[in-house]
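The values are calculated or read from the model by the stated rules, or taken from the named source; none is laboratory data. Note that this is a predicted model, so its numbers are computed, not measured. Neighbour counts run over all protein chains shown; Cβ positions are idealised from the backbone, glycine included. What goes into the accessible areas is simple: the full protein's heavy atoms, side chains included, and nothing from ligands, DNA or RNA. Shrake-Rupley method; radii C 1.70, N 1.55, O 1.52, S 1.80 Å.
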Amino acid sequence: MWSTAIVGLLLATACADGAIGPTPDLATDRTPSTSVAAGTQLDEELRHYSNERAMKHVEKLARGIGPRVRAKPAEWKASRYIARKFRSYGYETKVQKFSVDGGTSRNVVAWWPDSRKYGLVVGGHMDTVRRSPGANDNASGIAVLLEMARISADREPARLVRFVAFGAEEFGTNGQHHNGSQVYVNRLGKGGRKWLGGMVSIDMVGNGRPLIAATTGMAPQVVARTVYNKMRNKVAMSYRITCDCSDNGPFERAGIPGVFLWSGFEPNHHEPTDTVANLEQKHVRRTGLGFRYFLKRVDLGMIRRFRRVR
Ligand SMILES: [Zn+2]
């Protein structure tokens, strides 16, 4: 997420149970009803969102690991933690490595077995700026991302969504930002960029209300509008056209509709004070409940509608 000064300047801008390896750590509130064979009807109902689990992820990233600068060991540690969590829910994962700032950064990509390749990307960045533990920017987004993966594992929406933790979102010594998401978009290839339904970036969602559904306006706004219209049935939302401030940027620049969920600026942004203690847990919860409401309604018809607007 860009430094406040620049943005300020601009604004105003995946059978069940043992069918796929070890029993997934899902704490299911209902046992999965069907196997994960291709074409089998998956359970529609999502599990309940747990803010307790989400906050455990925030603790691990912001307190256990701390500042996670791109292409440095702490970002790598974060990527391993996140990949392990995805796999523990039953997802398949791959790590996309890429070079930045004279080192290696990574994206962690997770998908449910037999899921569609070009549905909706739901993602968030795992890196932080120097000296900031990044509880809000962006352990809060990664925590909601992991919870969305857990609650939709072996459920219908998992067949249409790819969960991605991006590296190197923050500006680096190469003077660039959003390197991980740009790599993801590049590696989609021409066909993949044409077919991908859309992208949601969950970035800095733990300190502020209403929750903002923001888009750069560079691509059709159908995903931003749909996410906004669904989620506002559940939580207080606002809609905004804003700067290329998060990982939705590279997708929208490639013509792929995107949205960036964000709780707005707060004084700890990019500061050493962006700690677990300064996070508004109820705002993390608000985002989790609101996005679960949207995710539950993701279906093939919606993805086709997103594709049609190009
Ligand atoms: Zn951020």
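Tabulated results
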read-out	value
Binned Cα-Cα distances of the chain, short to long, each 10 Å bin given as a whole percent	7, 31, 39, 21, 3, 0
Value at 222 nm in deg cm²/dmol, rounded to 500, when DSSP H runs of n ≥ 4 in the chain each add -39,500 (n - 2.57)	-10000 deg cm²/dmol
Extension gain, Arg209 back to Asp114 (0.36 nm per residue minus Cα-Cα distance, nm)	30.5 nm
Sequence ranges 74-85, 296-307, ranked by mean other-Cβ count within 10 angstrom, highest first	74-85, 296-307
Cβ-based charge dipole, the stretch 60-308, positive-most Cα from Ala78, Gly123, Ala153	Ala153
Net lengthening on full extension, Gln176/Ser238 (0.36 nm per residue, minus Cα-Cα)	19.5 nm
Taking N as its residue count, the alpha carbon Rg of the stretch 88-158 over 2.2 N^0.38 Å	1.26
21 Å tail of the calculated P(r), the stretch 124-206, as % of Cα pairs	37
Sulfur and carbon atoms: percent of accessible area, the stretch 60-308 [1.4 Å]	47
For peptides 111-119, 211-219, 92-100, sequence by mean Cβ density within 10 Å, most packed first	211-219, 111-119, 92-100
Filter on Lys60/Lys117; Lys60/Lys282; Lys56/Lys85; Lys72/Lys94 - keep pairs with C-alpha separation over 21 Å	Lys60/Lys117
Accessible area expressed per residue, the chain, with surrounding protein chains retained (probe 1.4 Å, Å²)	38
DSSP-defined antiparallel bridges as percent of all bridges, the chain, nearest 5	45
Estimated dipole of the chain in Debye, rounded to 20 [Cβ of Lys and Arg +1, of Asp and Glu -1, Cα centre]	700
